[in-house]
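Written out below as structure tokens is the structure these notes cover.
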Amino acid sequence: MLRAFKAASIGYLALSSAFYENKSFLRLFSSQHSVTLAKLQTMDSSKEPAESHETMAEAVKEKTPTGCTEKSPLTSTEPGLLPGETVVNEGKAAILFPSANEVFYNPVQEFNRDLTCAVLTEFSREQLAQRGIRILVPGEKDRVVIQLSEEKNGTVSQESAEQPEVQNLKHEEASEKEVITASVGEKCEQGLRVLEALAASGLRSVRFALEVPGLKSITANDFSAKAAALIARNGQHNNVGHILQASQRDASMVMYEARGKSQRYDVIDLDPYGSPSPFLDAAVQAVSEGGLLCVTCTDMAVMAGNSSETCYSKYGSVSIKSKYCHEMALRIILHSIDLRAAAYQRYIEPLLSVSVDFYIRVFVRVKTGQATVKNSASKQALLYNCVGCGAFHLQRMGKKTSQGKQMKYSAATGPPVGPTCEHCGQKHQLGGPVWAEPLHDITFVQKVLDAVSGNPTRFRTSKRIQGMLSMVTEELQDVPLYYTLDHLCSVVHCNTPPMMQFRSALLHAGYKVSFSHACKNAVKTDAPPGVLWDIVRCWEKLSPVKRERLSETSPAHRILSTEPALQANFEIHEDANPQSRKRHLTRFQENPHANWGPKARANAGGGMAAELEDKRKQFQGKRKKPITHSSELRSFPCKRFRK
């Protein structure tokens with residue numbers, strides 16, 4: 001043992017003398033002490049010494065700039081890697097990742113992580129500005145305000161253009177002692193405390209540390225021992241151990257223990273595999289006053305109406321299978337968060353709510369106020385959806401009336417519909433309650449959009465972020481849900497008019513209309529359903545439907561048998577085409593690659609279940625390969641067609 005100890009000491013002294021003058025070694029040395037001993041013990045004890053030396057060598061290695069998600073397979077002999085591991089490069093992070101499915105990772109959600117970094121940067125800018133701290137984002141130019149009096153015929157002279165810069169520099173030099181700056185990768189003592197409750201490999205937390213300035217600490221937690229060990233290694237591998245702390249605990253207990261006002265987190269990120277409902281109660285208590293809560297839901301089958309009873313048990317709301325199911329899913333999760341927050345005299349303010357690919361993502365600000373919580377009932381609404389024509393009506397659950405300086409709260413009166421639909425005579429489905437207030441804070445969204453547009457090389461998905469946020473700013477904020485043009489025309493079996501002509505008809509009639517980021521053919525308008533059906537009737541007269549083929553009890557027969565009270569004007573309106581469409585922004589992206597949807601849950605053994613893999617192969621391409629002979633029905637995966 002003495003001989004081994006001497007050999008280890010000589011090796012350590014040699015390594016120290018070789019890297020003593022390198023600053024990255026000093027940062028690594030400090031980062032190793034920030035990782036708790038309990039988390040490091042989760043690693044294999046036989047590999048611990050080798051891993052520590054390999055991590056030191058990897059820390060001083062110069063990193064190549066990366067702006068895309070890619071897996072670069074490396075051999076196990078290279079420093080810092082275990083057998084079978086690869087390096088995943090995304091943003092500025094380089095993550096060690098096992099080749100087996102032991103830790104969850106989905107490369108398609110790079111857009112989710114890019115958008116979160118952009119939102120968190122603007123939130124950090126707002127919060128730290130109140131504390132006298134200015135954040136510095138790489139690649140972002142300082143905004144210089146030029147007065148209109150300095151402009152000459154639409155142009156600015158060279159002297160007037162240089163003068164604000166000189167004044168800005170003088171102002172910075174004068175206030176250098178007062179204004180504190182925060183850069184990426186540096187620990188800010190007065191910065192934000194971030195918790196990623198379900199971190200998996202720690203990729204999101206590492207990107208926060210490397211790309212978001214003004215952070216004091218980041219706690220990356222995961223209940224899996226392998227995931228927690230991987231988080232600790234990734235923190236060392238990216239030299240962010242001074243900010244990033246690995247944790248292996250139950251996510252709910254971590255948040256419940258941080259309910260004290262001095263222990264709360266400024267930002268909490270919940271991105272679970274499936275539903276976040278088990279963690280919402282703890283999250284609304286552990287976030288600080290005015291803090292940011294980021295929630296992702298991937299159980300879209302439940303929230304989109306396939307299992308309404310399951311949706312009620314998880315979120316306290318009944319989902320409906322309809323064309324507006326994706327926006328309804330956003331309003332269901334906002335209702336669930338607000339309902340849990342109200343129990344603790346807290347309320348939410350949605351900053352940004354988006355439906356992307358196979359998941360939804362919401363960013364809400366959580367505040368405390370007993371008087372404001374009384375408005376919670378009036379912010380929720382029940383939904384009446386016609387099963388025949390798809391017309392819907394909202395019924396607020398609460399009513400508030402102003403009486404001078406006081407506000408009176410009472411139960412709402414209703415319902416807004418009769419026993420049957422006034423347009424088609426069919427019955428109504430009852431859904432909700434859902435969030436009936438705006439989904440976004442347009443002022444905040446515009447700040448994020450300006451920052452991403454001014455620094456387009458910061459994220460790989462910048463074009464898609466610009467297109468998505470541009471559509472969000474164009475949406476009607478006070479109009480919940482939407483119709484789809486193809487569904488309106490399919491009800492009466494007529495041809496579908498061009499979207500610009502249908503939007504023009506609504507604008508000529510004096511109503512507002514917009515697209516929705518949640519659906520490509522969405523028609524979000526404040527016009528009542530009767531006006532929409534009048535426009536459809538006017539369009540149907542241009543190419544009439546054969547009435548003898550329609551059943552007298554069908555919704556199409558009931559709707560077309562009524563003469564339109566409004567004569568639609570289908571001439572193109574000047575405001576029919578929004579700016580996002582004129583500029584050809586990337587609004588709805590095509591599928592990135594095959595099998596790009598939700599990935600399989602991480603398995604302790606590292607492999608995917610054989611039944612799930614076989615089922616995916618069986619259903620793959622079933623619509624692209626039509627059956628040409630009846631004998632092939634036996635091998636068709638659907639039982640109904642097999643019969």
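The values are calculated or read from the model by the stated rules, or taken from the named source; none is laboratory data. What you see is a predicted model; the values in this text were computed from it and never measured. Please note: Cβ atoms are built from the backbone with ideal geometry, for glycine as well, and neighbour counts cover all protein chains shown. We work out accessible area using only protein heavy atoms, side chains counted, and drop any ligands, DNA or RNA first. Shrake-Rupley method; radii C 1.70, N 1.55, O 1.52, S 1.80 Å.
Couple of notes before you dig in:
- Packing rank of 242-254, 128-140, 211-223, where each peptide gets the mean count of other beta carbons within 10 Å, highest leading: 211-223, 242-254, 128-140
- Per-q log10 I(q)/I(0), segment 478-583, q = 0.19 Å⁻¹ (Debye; single scatterer per alpha-carbon; no solvent): -0.95
- Point-to-point label distance, Glu289-Ser561, nm (Cα→Cβ direction, 7 Å offset): 6.3
- Each of the peptides 423-433, 346-356 was scored by the mean count of other Cβ atoms within 10 Å over its residues; in descending order, highest first, they stand as 346-356, 423-433.
- Accessible carbon and sulfur surface of segment 311-465 relative to its total accessible area, %, 1.4 Å: 51
- Table column - 3J(HN,Hα) (Hz), segment 413-423, Karplus curve with 6.51, -1.76, 1.60, x for Gly and Pro: 10, x, x, x, 10, x, x, 10, 5, 6, 9
- Excluding ligands, DNA and RNA, the accessible surface per residue across segment 478-583 is 48 Å² with a 1.4 Å probe.
- Gain upon complete extension [Leu542, Thr86; 0.36 nm per residue less C-alpha separation]: 158.0 nm
- 3J(HN,Hα) along segment 236-252, derived from phi through the Karplus expression 6.51 cos²θ - 1.76 cosθ + 1.60 where θ = phi - 60°, amounts to 5, 5, 9, 6, 10, x, 6, 10, 8, 10, 7, 9, 10, 8, 5, 4, 5 Hz, with x in place of Gly and Pro.
- Net charge, Leu476 excluded, C-beta distance under 14 Å - Lys, Arg +1, Asp, Glu -1: -4
- Calculated FRET efficiency for the pair Val179/Tyr312, C-beta based, R₀ 60 Å, to 0.05: 0.75
- Summed residue charge, Cβ within 15 Å of Cys386's Cβ, Lys/Arg positive, Asp/Glu negative: +3
- Scanning residues 5 or more positions from Ala182 or on other chains, those with amide H under 5 Å from its amide H are Arg134, Ile135, Leu136, with H placed 1.01 Å from N in the peptide plane.
- Stretched out straight at 0.36 nm per residue, the stretch from Thr368 to Arg259 would grow longer than its current Cα-Cα span by 37.9 nm.
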